[in-house]
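Since the structure comes first, as structure tokens, the remarks are kept for the end.
The values are calculated or read from the model by the stated rules, or taken from the named source; none is laboratory data. What you are looking at is a predicted structure, and each value in this text was computed from that prediction instead of being measured. Virtual Cβ from ideal backbone geometry, glycine too; neighbours counted across all protein chains shown. Note: accessible area is taken over every heavy atom of the protein model, side chains too, but ligands, DNA and RNA are not part of it. Shrake-Rupley method; radii C 1.70, N 1.55, O 1.52, S 1.80 Å.
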Amino acid sequence: MTTTYPDSYYAASINEADQREPLVGDTRADVCVIGAGFTGLSTALHLAERGFKVVVLEAGRVGFGASGRNGGQIVHSYSRDMDFIERNYGKDMAVEMGKMAFEGGRIIRRFVDQYKIDCDLKDGGIFAACNRKQMKELEGKKALWEKHGNTSLELLDAKQTQNYVGTERYEGALLDNSGGHLHPLNLARGEAKAFESLGGKIYEQSSVTEIQKGEPAVVKTASGQVTCDFVMVAGNAYLTGLLPQQEQKSMPCGTQIITTEPLSKDLQEQLLPKDNCVEDCNYLLDYFRLSGDGRLIYGGGVTYGAREPDKIEALIKPKMLKTFPQLKNVKVDYAWTGNFLLTLMRLPQFGRIGSNVYYAQGYSGHGVTSTHLAGELIASAIQGQAQRFDIMASLPQHPFPGGRIMRVPYTAMGAFYYDMRDKLGI
Ligand SMILES: Cc1cc2nc3c(=O)[nH]c(=O)nc-3n(C[C@H](O)[C@H](O)[C@H](O)COP(=O)(O)OP(=O)(O)OC[C@H]3O[C@@H](n4cnc5c(N)ncnc54)[C@H](O)[C@@H]3O)c2cc1C
């Protein structure tokens, strides 16, 4: 496993690059968290705020995984919404999950505010409709989210949308004023510093090789071990081997991002006059926004099974030019890939193994807010208030059809079908 940051815009614009030492020898903690992405950091910070002694073990560096590479978009709710949850798991479940659907964004804003994290946080996220059918769905989404308490939404017709996104591509949009965007690697590193300011300890380059279950449990790396009362596994798509029972029920997938050279003020105003982030409503969606220093960050597509495509710029730039043809002669400075974890129902997987090993994963591409919620739920559960964690953990976790070998082609075939429907607008 490569354990340095990929050559991304985020790594190049990091606030500080302090390295942390690897774990050597034995140590004791109340809780050992495996993985320093948003799930692990939010859990660690919430626990440290409650007075727990927490050690975080990270195989690479803080924010090495999806959390330090993503689109930086604060997208609320889950990859599937409360209407899907109600149809599949009943009204009570939809109501309970609806109560938590907008909490992750509030947690992020609290952390940024309370710990003075410098991460270019901006308000306002846009869901853009590529056809009439998607616009109808956005009307439904507005009604649904309002029913569950989000009252900061505005529908935009095609003409109004152009005041927010400088393209003729969209039939309309839904603006979520409580959405937004940020520099995800600087958020992760800021959360790590906040955790350390409360006495927490993070070891980098410390890949966990084994969890010896028991009370206490022992978490082992090549050069040390942590004896602890609770373990939290937060490795998501980068985890291998530690949660074998979850591997049939989840699939690492790649998605790629490019970042242009800094754009002139005029061009920034033309593309995104109100500096919102945008994701379209296609199954294989495009997502984009401006960086703090005025570049366009544009992502899209999915590679099932997390293969790393060779030519990311060749893959993503045509998508960007379809939205913004005016960028034809603009240089791309950075291109990178990252892995998220897909589940069959596109809903997150929370669970407890035995009495004291917790996990949360599988946000299916929409994890910036749900990871932060996960940290709060797990910290509360460890503290003895498990009601909300138990609701999430009661969601069924299904295996992918086709097992480990055939799940990739089967899922790619399914995505091809939905992609064709989007292209045909049906
Ligand atoms: C390119 C891309 C764009 C995305 N854009 C968005 C977006 O705009 N909005 C949104 O809501 N979501 C987005 N997502 C999804 C979101 O980034 C993820 O859901 C979220 O960051 C997952 O956080 P995590 O902490 O669970 O996992 P990760 O951030 O992947 O962290 C897991 C960590 O665990 C470590 N680890 C793994 N195994 C071990 C081990 N054995 N020992 C120690 N450490 C270990 C890894 O090194 C890694 O640092 C995107 C994802 C990608 C890849």
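Structure values in brief
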{"read-out": "Per-q log10 I(q)/I(0), segment 171-221, q = 0.17 Å⁻¹ (Debye; single scatterer per alpha-carbon; no solvent)", "value": "-0.79"}
{"read-out": "Exposed trypsin sites (Lys or Arg not before Pro) absent - longest run of the chain, DSSP non-H/G/I/E/B, at most 14 other C-beta within 10 Å", "value": "117-212"}
{"read-out": "Cβ-derived FRET efficiency at R0 25 Å, E137 paired with K328, nearest 0.05", "value": "0.20"}
{"read-out": "Over the chain: helical MRE at 222 nm, DSSP H runs n ≥ 4 each giving -39500 (n - 2.57), nearest 500", "value": "-10500 deg cm²/dmol"}
{"read-out": "Globularity ratio of segment 1-88, using Cα Rg and 2.2 N^0.38 Å", "value": "1.36"}
{"read-out": "Calculated diffusion of the chain, Stokes-Einstein form, Kirkwood radius summed over Cα pairs, 20 °C and 1.002 mPa s, µm²/s", "value": "98"}
{"read-out": "Cα radius of gyration and Dmax for segment 254-301 (Å)", "value": "11.1, 33"}
{"read-out": "Computed Rg/Rh of segment 342-387, alpha carbon atoms with Kirkwood Rh", "value": "0.99"}
{"read-out": "Compactness index (Cα Rg / 2.2 N^0.38 Å), segment 177-266", "value": "1.51"}
{"read-out": "Choice from V95, V302, V278 showing the highest fluctuation, given a GNM over the chain with Cα pairs closer than 10 Å", "value": "V95"}
{"read-out": "S394-R110 FRET efficiency (beta carbon distance; Förster radius 30 Å; 0.05 resolution)", "value": "0.65"}
{"read-out": "Stretchable slack from R352 to K220, in nm (0.36 nm times residue separation minus alpha-carbon distance)", "value": "45.6 nm"}
{"read-out": "Shape parameters for segment 119-188, alpha-carbon atoms, Rg then Dmax in Å", "value": "13.2, 38"}
{"read-out": "Net charge of neighbours whose Cβ lies under 13 Å from the Cβ of E215, counting Lys and Arg as +1 and Asp and Glu as -1", "value": "-1"}
{"read-out": "Accessible area (Å², per residue) of the chain, counting only protein heavy atoms and a probe of 1.4 Å", "value": "40"}
{"read-out": "Neighbour-limited loop hits for GluC sites (Glu not before Pro), segment 74-170 (at most 15 other Cβ within 10 Å; DSSP other than H, G, I, E, B)", "value": "E168"}
{"read-out": "Net +/- balance of residues flanking E376 in space, Cβ distance below 11 Å, scoring K and R +1, D and E -1", "value": "+2"}
{"read-out": "Overall form of segment 82-159 per C-alpha gyration tensor (a/c, 1.5; a/b vs b/c)", "value": "oblate"}
{"read-out": "Spread of Cα-to-Cα distances over 10 Å intervals beginning at zero, given as percent, for segment 234-352", "value": "12, 39, 27, 16, 5, 0"}
{"read-out": "Relative contact order computed over the chain (Cα-Cα under 8 Å; 6+ residues apart), in percent", "value": "24"}
{"read-out": "FRET efficiency, 1/(1 + (r/R0)^6) with R0 30 Å, evaluated for K99 and Q383 via beta carbons", "value": "0.95"}
{"read-out": "At 1.306 mPa s and 10 °C, Stokes D of segment 1-154 from Kirkwood alpha-carbon radius, µm² per second", "value": "86"}
